[in-house]
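Student: The structure is given below, and queries will be raised subsequently.
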Amino acid sequence: MTGQNKCRNHPGRDVVARCPRCTQALCRECVTEHDNRMLCESCLRTVIQPTAPDSKRKNVAMAAVAAAGCLLVWLFFLATAQILAHAPAAFHRFAPW
Amino acid sequence: MVNTKTFDQQHGRATTALIDESGQLLRSAPAGVLCLYFAAAVPFTAGLVFFWAIMIRSNHSIWFAAAAALVLSLLFVWMKIGQNLYCCRLRQHLTGRRDTVDILRAACIQTAIQPTGILTLPICLVIALPYGWACAFYQHATAMNSRASDSKQLLELRQHAMQWPLQNHAVTWLLSPALTIVGVCAVMTMPPLMRLINPAMPLALQVATSMIFIVVAVLSSPVGMLMGANFSVTLLLLLSQTGCDSPIASALLQAGAPSSTFAVIVCCLAYLCMDPIVKACYVLRGHHIRSGVTAEDLHARLRRIRAGS
């Protein structure tokens, strides 16, 4: 029974928490708080660093959204150019009365 | 139950104190930080003036307009990335923490978020009510750190935009260059529009409606319009010195009256003066909001004490 009350990494230390991901019993030094959960070091690494394919997919998606943003700005300025070209001359001269 | 929260905790720091603090932050920051801002914003504003001056002449092809719009959109993206880096440098100066900035990631995020603002903000301004929150969202997006995950960042931006609405609306009203631009546009376009609708309008009514538009524009952005008036007078004086025959004067004046290109130059100059302070305000606002959760302000103060000792 003592095995369950002692830390996985430090057999001499008492357990203070159990990692919700890997369910390992850990002492105060081996757990850390992340997103209101007490995680062990290896699980924390997994949570913080997304897996490589995920990260790559996200980067591609972000680049696509950024390209769409550029396209939107270009269309906006193109429309502005057309409006300016066809606006009556009275709009380009400040004559309040 | 007694409410123990102070006014600052409930509504944020007083607007005048925040603007004062942002002025101090800008003054104490290295000159390179402000140079970074102008290196980002001046090419776009200069490009916009040239774009406007060329496009109001209708004798250009669609391909030329497309190419000019492409150059201007690239300058816009460049400005937004530069403004984000400027805010990062200001935040580093404020907190004393040397965070690494992933420029490529910051560029992608800014290019993804900021272009939506050129459509969303005018729509919000027409509806009037959500403009302050929408404006705060995009200002906080410019001032954000690009390290956190995307979903968390959007959530944080939304939270920051909703926080302390009184302070946010006061800063927007006092310093937002967008309101100045809208005011100038209203003063420029409304009188000819009314004359187009009713050509037989009496002169007294024309004067009265123009005065109403000018008063509304001044009330909607007092600082910006005051700055705009100063720049207008300075430009008119400079033009009177150069003479009405010079090519610059012919582009800025039409039959003796200021042209729309003149108004664009005034708006751009007002923008370049006001926007660095607005950005500094939102860097500080974000810092104050985060400090309530992470005690970032205390860490910054400790870091400063440790560096001084």
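The values are calculated or read from the model by the stated rules, or taken from the named source; none is laboratory data. Here the structure is a predicted model, which means the values were calculated and not measured. We place every Cβ from the backbone using ideal geometry, glycine too, and count neighbours over all the protein chains shown. Keep in mind that these areas ignore ligands, DNA and RNA; they rest on the heavy atoms of the full protein, side chains included. Shrake-Rupley method; radii C 1.70, N 1.55, O 1.52, S 1.80 Å.
Student: Please work out which residue is modelled with the highest pLDDT, limiting yourself to region B:89-134 and to residues that are over 30 Å from residue B:298 (Cβ atoms) and not in a helix (DSSP H, G or I).
Tutor: B:130
Student: Filter region B:238-295 down to residues that are open to solvent by less than 20 Å² (accessible area, probe 1.4 Å) and basic (Lys, Arg) and give me whichever is farthest from the other protein chains (Cβ to nearest Cβ).
Tutor: In this case the residue turns out to be B:285.
Student: May I ask you to list the residues in region B:102-116 that are surrounded by 22 or more Cβ atoms within 10 Å (Cβ to Cβ) and over 10 Å from residue B:81 (Cα atoms)?
Tutor: Once the filter is applied, which keeps residues that are surrounded by 22 or more Cβ atoms within 10 Å (Cβ to Cβ) and over 10 Å from residue B:81 (Cα atoms), region B:102-116 yields B:113, B:115.
Student: Would a scan of region B:213-222 turn up a residue that is more than 28 Å from residue B:16 (Cα to Cα) and either surrounded by fewer than 17 Cβ atoms within 10 Å (Cβ to Cβ) or more than 9 Å from chain A (Cβ to nearest Cβ) (or both)?
Tutor: No; the residues of region B:213-222 include none that is more than 28 Å from residue B:16 (Cα to Cα) and either surrounded by fewer than 17 Cβ atoms within 10 Å (Cβ to Cβ) or more than 9 Å from chain A (Cβ to nearest Cβ) (or both).
Student: Quick test of your reading of the structure: residue B:87 fulfils all but one of (1) within 14 Å of chain A (Cβ to nearest Cβ); (2) open to solvent by less than 40 Å² (accessible area, probe 1.4 Å). Name the failing condition by number.
Tutor: For residue B:87, the failing item is (1).
Student: Output the number of the condition that residue B:235 fails; it satisfies all remaining conditions of (1) away from chain A (no Cβ under 14 Å); (2) open to solvent by 20 Å² or more (accessible area, probe 1.4 Å); (3) at pLDDT 80 or above.
Tutor: (1)
Student: Across region B:59-82, which residue is modelled with the highest pLDDT among those that are surrounded by fewer than 20 Cβ atoms within 10 Å (Cβ to Cβ) and of a type in the set (Phe, Trp, Tyr)?
Tutor: Result: B:78.
Student: Here are the criteria: (1) part of a helix (DSSP H, G or I); (2) in contact (Cβ under 8 Å) with a residue 24 or more places away in the chain; (3) farther than 19 Å from residue B:271 by Cα. Tell me which single one residue B:145 does not satisfy.
Tutor: Here residue B:145 meets the rest and fails (1).
Student: Now for a different question. How many residues are over 22 Å from residue B:45 (Cβ atoms) and crowded, with 22+ Cβ neighbours inside 10 Å when one looks only at region B:165-188?
Tutor: 1
Student: Checking residue B:199 against (1) within 13 Å of another protein chain (Cβ to nearest Cβ); (2) touching a helix residue (DSSP H, G or I) at 6+ places or on another chain (Cβ under 9 Å); (3) not small (Gly, Ala, Ser), which single condition isn't satisfied?
Tutor: Of the numbered conditions (1) within 13 Å of another protein chain (Cβ to nearest Cβ); (2) touching a helix residue (DSSP H, G or I) at 6+ places or on another chain (Cβ under 9 Å); (3) not small (Gly, Ala, Ser), the odd one out for residue B:199 is (2).
Student: Condition test on residue B:304, is it in contact (Cβ under 8 Å) with a residue 40 or more places away in the chain and surrounded by 21 or more Cβ atoms within 10 Å (Cβ to Cβ)?
Tutor: Spelling it out, it is not the case that residue B:304 is in contact (Cβ under 8 Å) with a residue 40 or more places away in the chain and surrounded by 21 or more Cβ atoms within 10 Å (Cβ to Cβ).
Student: Here's something else I'd like to know. Out of the helices (runs of 4 or more DSSP H) lying entirely within region B:216-309, which hold 2 or more residues that are over 29 Å from residue B:44 (Cβ atoms)?
Tutor: B:260-294, B:296-308
Student: Can you run down the residue pairs with Cβ atoms below 7 Å, 6 or more apart or on separate chains, where the first is in region B:18-42 and in contact (Cβ under 8 Å) with a residue 40 or more places away in the chain and the partner is in a helix (DSSP H, G or I) and open to solvent by 60 Å² or more (accessible area, probe 1.4 Å)?
Tutor: The qualifying pairs are B:26/B:34; B:29/B:93; B:33/B:89; B:33/B:93; B:36/B:89; B:40/B:78.
Student: Continuing with this model, one more query. Considering B:154, B:125, which residue is free of Cβ contacts under 8 Å to residues at least 24 places away in the same chain and either open to solvent by 50 Å² or more (accessible area, probe 1.4 Å) or of a type in the set (A, V, I, L, M, F, W, C) (or both)?
Tutor: Checking each option against the conditions leaves just B:154.
Student: Taking residue A:17 and the conditions (1) buried (at least 17 other Cβ atoms within 10 Å of the Cβ); (2) modelled with pLDDT of 75 or more; (3) more than 33 Å from the chain's Cα centre (by Cα), which numbered condition does it fall short on, given that it satisfies the others?
Tutor: Answer for residue A:17: the failing condition is (3).
Yes or no, residue by residue, for (1) away from every other protein chain (no Cβ under 14 Å); (2) within 19 Å of residue B:159 (Cα to Cα); (3) among the small types (Gly, Ala, Ser):
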| residue | (1), (2), (3) |
| --- | --- |
| B:96 | yes, no, yes |
| B:101 | yes, no, no |
| B:104 | no, no, no |
| B:111 | no, no, no |
| B:124 | yes, yes, no |
| B:132 | yes, yes, yes |
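Student: Every residue in region A:41-97 that is loosely packed, with under 15 Cβ neighbours inside 10 Å, modelled with pLDDT under 75, aliphatic (A, V, I, L, M) and within 30 Å of residue B:209 (Cα to Cα), please.
Tutor: Residues satisfying the conditions are A:89, A:90.
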